[in-house]
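Peer 1: First the structure, which I've put down as structure tokens, then a few questions once you've had a look.
Every number here is computed from the coordinates shown, using simple stated rules; none is lab data. Keep in mind that what you see is a predicted model, and the values were worked out from it rather than measured. Cβ: placed from backbone, ideal geometry, glycine included. Neighbour counts: every protein chain shown.
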Amino acid sequence: MNSEEALYNLTKEIDARVVAVERAAKTGEALPLVLTIGAGLGTVTVDGLGGLVSVDLDRDAVAGQTGASLAGHVQRAITNAESAAVTRRRSMIDDAAGEGR
């Protein structure tokens, strides 16, 4: 293989990797993430970038909580969901870029 062919093949590989990374980033952004709130209190949903979408509480489970306890559980769940969404998207991009090998 001559140097022009090698360069052409390398360019094609780079282009394919860029497309894969862009696709992974878009997929990661589009996938919501739902996590359970501790003590069975409900769920939190974030978008693929970690932005809060909703907090859904189980009315019966909430009745047994103090305000401080409920707030603590919900805050932890939101923080965990935000972090998990960002980590998931980053991992998807790294895998597409071949950095997860």
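Peer 1: Looking at this structure, is Ser54 more than 11 Å from the chain's Cα centre (by Cα) and in a helix (DSSP H, G or I)?
Peer 2: no
Peer 1: Could you check region 12-46 and list, in sequence order, the residues that are in contact with a strand residue (DSSP E or B) (Cβ under 8 Å, 6 or more places away or on another chain) and on the phi > 0 side of the Ramachandran plot?
Peer 2: Of region 12-46, the ones in contact with a strand residue (DSSP E or B) (Cβ under 8 Å, 6 or more places away or on another chain) are 32-37, 41-46.
Listed by number, the list holds a single entry, Gly42.
Peer 1: Cβ contacts < 9 Å: first residue on the phi > 0 side of the Ramachandran plot, restricted to region 51-68; second residue aromatic (Phe, Trp, Tyr), any location; separation 6+ or different chain. Result?
Peer 2: Cβ pairs passing all conditions: none.
Peer 1: For Gly64, work out the one condition from (1) surrounded by 12 or more Cβ atoms within 10 Å (Cβ to Cβ); (2) out of contact with any helix residue (DSSP H, G or I) (no Cβ under 6 Å at 6 or more places or on another chain); (3) part of a loop (DSSP other than H, G, I, E, B) it doesn't fulfil.
Peer 2: It is condition (1) that Gly64 fails.
Peer 1: Of the residues Ala20, Ala85, Ala97, only one is touching a residue at least 24 places away in the same chain (Cβ under 8 Å) and buried (at least 17 other Cβ atoms within 10 Å of the Cβ); which?
Peer 2: The conditions single out Ala85.
Peer 1: Now, a different point. For Gly28, work out the one condition from (1) in contact (Cβ under 8 Å) with a residue 12 or more places away in the chain; (2) exposed (fewer than 15 other Cβ atoms within 10 Å of the Cβ); (3) under 30 Å from Glu13 (Cα atoms) it doesn't fulfil.
Peer 2: (2)
Peer 1: Residue under question is Ser3, and the condition is that it be at negative phi, surrounded by 11 or more Cβ atoms within 10 Å (Cβ to Cβ) and out of contact with any Lys or Arg (no Cβ under 7 Å at 6 or more places or on another chain); does it hold? Give the derivation first.
Peer 2: Numbers: at negative phi: yes; surrounded by 11 or more Cβ atoms within 10 Å (Cβ to Cβ): no; out of contact with any Lys or Arg (no Cβ under 7 Å at 6 or more places or on another chain): yes.
In short, no.
Peer 1: In addition: If you scan region 18-47, which residues turn out to be among the β-branched types (Val, Ile, Thr) and either under 11 Å from the mean Cα position of the chain (by Cα) or assigned to a strand (DSSP E or B) (or both)?
Peer 2: Of everything in region 18-47, those that are among the β-branched types (Val, Ile, Thr) and either under 11 Å from the mean Cα position of the chain (by Cα) or assigned to a strand (DSSP E or B) (or both) turn out to be Thr27, Val34, Thr36, Ile37, Thr43, Val44, Thr45, Val46.
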